[in-house]
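Before any comments, here is the structure.
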Amino acid sequence: MQLTLSIPCCRRSANESGERERIGFAAAIPLLARLTNKLLREKWGTHGELVSTMIKHPKEADRLRKIVEAFPNITVTVLGDLVADEFVFGEISHVSREAPVLILKHRERTVVPGGAANAANNLADLGVNVLPVGIVGDDEPGRMLLKYFRHKRISVSGVLKDKSYTTVTKTRILAGMTHTARQQVVRVDREPQEAPNAHLTRELYLAARNYAHASDALLVSDYGYGAATPAIVSTLQEKGKLGTVPIVVCPRSSYRGGFRYRRRSRVPAARSVG
């Protein structure tokens, strides 16, 4: 079984919710790995540099095009922490009398997939058949994520819904004027107080195992909230009988240099898989 660390992808800007449509192209490339890893390592730079490289090397451009065209024939299971990214924009009105802070007139609110949900969404935009595995709470952000996936025709049968769980939600407050750039002024995070219980952890393992058997690759997107712990992934490797299915690890994951954390988990230690 192969464990591959993916190449950092293009991240969307918090200042422009419209930028969520930008595809994290390089995050999907490792799923087809060997043909393109060398090209991306040597050639990836700004968009202009990439286009220039493709013009100078038409054979490489043609190879990359063929890989992209093959995405609809690929199925990927995405195991990870599903996050709701919320953007609240307000137009600056005046300074508050209560404190030296701006008062914003609410103009719009947008909720889009974040974390592992963003990885799944990006793959779907590339045409990949995606099978997300994760947890959401019985709350508005969780319901909005499921609605978003259904609208994109992304399967939600592997997404667990639990009343005791709080959907990870990152709310960014953006301020600006009608024709000016939106600036993020504060971010509020809502997180589960505890890692998924033993029952949920086992359900995550079973869903990931079953879907991985029907997939060409397993993508692990761990943000430290307990849905894609080293214990779960190690059990998948040791007992999941995944054969030659490659496991691709997102660059923000904790699995650098093997299955040991390089950053602190955001919730109490996750339970082992029974």
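The values are calculated or read from the model by the stated rules, or taken from the named source; none is laboratory data. None of the values given here were measured: they were computed from a predicted structure. Methodologically, a virtual Cβ is constructed for each residue, glycine included, from the backbone with ideal geometry; neighbour enumeration extends over all protein chains shown.
Among the residues of segment 144-156, is there at least one that is buried (at least 21 other Cβ atoms within 10 Å of the Cβ) and more than 16 Å from the chain's Cα centre (by Cα)? Among the residues of segment 144-156, not one is buried (at least 21 other Cβ atoms within 10 Å of the Cβ) and more than 16 Å from the chain's Cα centre (by Cα), which makes the answer no.
Tell me which residues, restricted to segment 185-220, are of a type in the set (Gly, Ala, Ser) and either assigned to a helix (DSSP H, G or I) or without any contact (Cβ under 8 Å) to a residue 12 or more places away in the chain (or both). Lay out the reasoning, then the answer.
Applying the first criterion (of a type in the set (Gly, Ala, Ser)) to segment 185-220 yields 195, 198, 207-208, 212, 214-215, 217.
Within segment 185-220, Ala198, Ala207, Ala208, Ala212 qualify.
With respect to the conditions (1) at negative phi; (2) touching a helix residue (DSSP H, G or I) at 6+ places or on another chain (Cβ under 8 Å); (3) surrounded by fewer than 18 Cβ atoms within 10 Å (Cβ to Cβ), Pro113 lacks only one, and its number is (3). The condition (being touching an Asp or Glu at 6+ places or on another chain (Cβ under 9 Å) and either modelled with pLDDT of 90 or more or in a strand (DSSP E or B) (or both)) is satisfied by just one residue among Tyr255, Tyr223: Tyr223.
Among residues of segment 224-243 that are touching a residue at least 24 places away in the same chain (Cβ under 8 Å), those with a beta-carbon under 8 Å from a residue that is small (Gly, Ala, Ser) and part of a helix (DSSP H, G or I) at least six positions away or on a different chain give the pairs Ala227/Ala116; Ala228/Ala116; Ile232/Ala208; Leu236/Ala208; Leu236/Ala212; Gly240/Ala208; Gly240/Ala212; Leu242/Ala212. Just one residue in the set Thr166, Thr171 is β-branched (Val, Ile, Thr) and part of a loop (DSSP other than H, G, I, E, B); that residue is Thr166.
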